[in-house]
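S.K.: First the structure, then my questions, so here it is.
The values are calculated or read from the model by the stated rules, or taken from the named source; none is laboratory data. Bear in mind that the values here come from a model prediction, so they are computed numbers and not experimental data. As a convention, Cβ positions derive from the backbone with ideal geometry for all residues, glycine included, and neighbour counts pool all protein chains shown.
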Amino acid sequence: MKNEDSPGLRPLTARSVVLSTLLGTHPPHLKARHLVRAGELFGISEGTVRVALSRMVAAGDLVQEGGDYRLSERLRERQARQDASRSPVTRDWDGSWEVAIVTAERRPAAERAAFRDAMAASRMAEIREGVWMRPDNLVRDSPGGDAPGPAAAGSELAGEVGPALVTGQCTFLRAVPEGDPAALAASLWDLPAWADRARALRDEFDAAIPVADRFVLAAAILRHLLTDPLLPPGLLPGDWPGAGLRHRYDLFETEFGALLRDRL
């Protein structure tokens, strides 16, 4: 598999290797020489890795402490969200839905865009402008925030969002809508498209052999899992591939963790 020929897959760079390695390390800090060796697994030279480390420190992605590098607080929050996407905490669904109604006024465009990202990251869907909802089956620390989950190997993800941004702009309610809840869910999320992409990633992962290809695919899998609406089973189409995709990521986590232990 050639990564550049696979739509939606990000190219393998020194930055992505460093960030993914640290996001998959708990606690997320390693010595420079260990990150250099991680880069060597993918044919990335020591000089290229060290340049990436310097740039990531300057950008506020990493904090340097002597010969160690650790994730910034912003990226530690990303790590927690990422872990939660791997092993979501759900509860039996009683038929009720979370409803978030935007009550803030005169928000700047950047704040509105960040809010929409935060709602999507919280697995909420917009039924009409300013009204977001989802089945109330997720166990979360607070509205707009996923509960922390267990450790997982990392991947580079875009966007930093948090629950404070959501709760500051919304009023949250619970409701039981009339009509077929499965039809409502299907109108809020494009479930066939999500499932098709999940199956394509699963098949590519199963066919990939070089660790670099599997690394890039695992990162794409984790990004896709972050968009899984995590609906109750009764609202999902048959043969939903979410669990299978998480299993593939578990396989890579084991494989990559063993590689790192051997190398480091």
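S.K.: From the list Pro163, Pro108, exactly one residue is at pLDDT below 70, out of contact with any helix residue (DSSP H, G or I) (no Cβ under 7 Å at 6 or more places or on another chain) and more than 30 Å from Ala38 (Cβ to Cβ). Which is it? Talk me through it step by step, then tell me what you get.
M.R.: On the way: Pro108 fails: at pLDDT below 70.
Testing whether each residue is at pLDDT below 70, out of contact with any helix residue (DSSP H, G or I) (no Cβ under 7 Å at 6 or more places or on another chain) and more than 30 Å from Ala38 (Cβ to Cβ) leaves just Pro163.
S.K.: Kindly indicate whether Gly238 is surrounded by fewer than 14 Cβ atoms within 10 Å (Cβ to Cβ) and either not in a helix (DSSP H, G or I) or not assigned by TED's automatic domain parsing to the domain that holds Ser85 (or both). Spell out how you get there, then give the answer.
M.R.: Values: surrounded by fewer than 14 Cβ atoms within 10 Å (Cβ to Cβ): yes; either not in a helix (DSSP H, G or I) or not assigned by TED's automatic domain parsing to the domain that holds Ser85 (or both): yes.
Yes.
S.K.: Search region 58-106 for residues being loosely packed, with under 14 Cβ neighbours inside 10 Å and basic (Lys, Arg), and hand back the single one that is nearest to the chain's Cα centre (by Cα).
M.R.: Here the answer is Arg74.
S.K.: Scan the helices (runs of 4 or more DSSP H) fully inside region 38-131 and keep the ones with 3 or more residues being over 21 Å from Arg223 (Cα atoms).
M.R.: Values: elements: 46-58, 73-86, 109-121.
Where helices (runs of 4 or more DSSP H) fall fully within region 38-131 and carry at least 3 residues being over 21 Å from Arg223 (Cα atoms), they are 46-58, 109-121.
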